[in-house]
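Colleague: Structure below; questions to follow.
What follows draws every value from the coordinates through simple rules; no lab data is involved. Small disclaimer: the values here were computed from a predicted structure and weren't measured.
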Amino acid sequence: MLRNGLEPWHLLIVAIVAIVLFGSKKLPEAARGLGKSMRILKSEARAMKEDDAADKAGTARPPATDHTAH
């Protein structure tokens with residue numbers, strides 16, 4: 001059934017449906033929110049890796065500050 005996987009026209013249909021459902025004014029807001037969430041996730045993952053590396057080295061790392069609260 002899905003032998004060819006995702007083709008360009010599939011993406012076009014998804015984009016059209018998204019524009020119809022959310023409207024052209026809401027899409028930039030949604031993209032900004034998604035980008036902000038991805039940055040937060042990336043920074044948290046990096047902090048967890050640093051914590052693991054510090055634990056393995058036997059050194060204590062100071063607690064991370066919350067950069068998301070303004």
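Colleague: Taking Lys42 as the anchor, which aspartates and glutamates have their alpha carbon closer than 16 Å to its alpha carbon, excluding any fewer than eight residues away along the same chain?
Modeller: Those aspartates and glutamates meeting the cut-off are Glu50, Asp51, Asp52, Asp66.
Colleague: Check cross-link reach from Lys49 to the lysines: straight Cα distance under 30 Å, and skip same-chain residues fewer than eight apart.
Modeller: Once the sequence-local lysines are set aside, what remains near Lys49 is Lys36.
Colleague: A further question follows. Pop out the ³J(HN,Hα) list for segment 27-38 in order, Karplus 6.51 cos²θ - 1.76 cosθ + 1.60 with θ = phi - 60°, rounded to Hz; leave Gly and Pro as x.
Modeller: Those phi angles translate into 4, x, 4, 5, 5, 4, x, 5, x, 5, 4, 5 Hz.
Colleague: Hey, what do the phi angles of segment 41-56 turn into as Karplus ³J(HN,Hα) couplings, whole Hz, using 6.51/-1.76/1.60 and θ = phi - 60°, x for Gly and Pro?
Modeller: Karplus-based 3J(HN,Hα) across segment 41-56 equals 4, 5, 5, 5, 5, 5, 5, 5, 5, 5, 5, 4, 5, 5, 5, 5 Hz.
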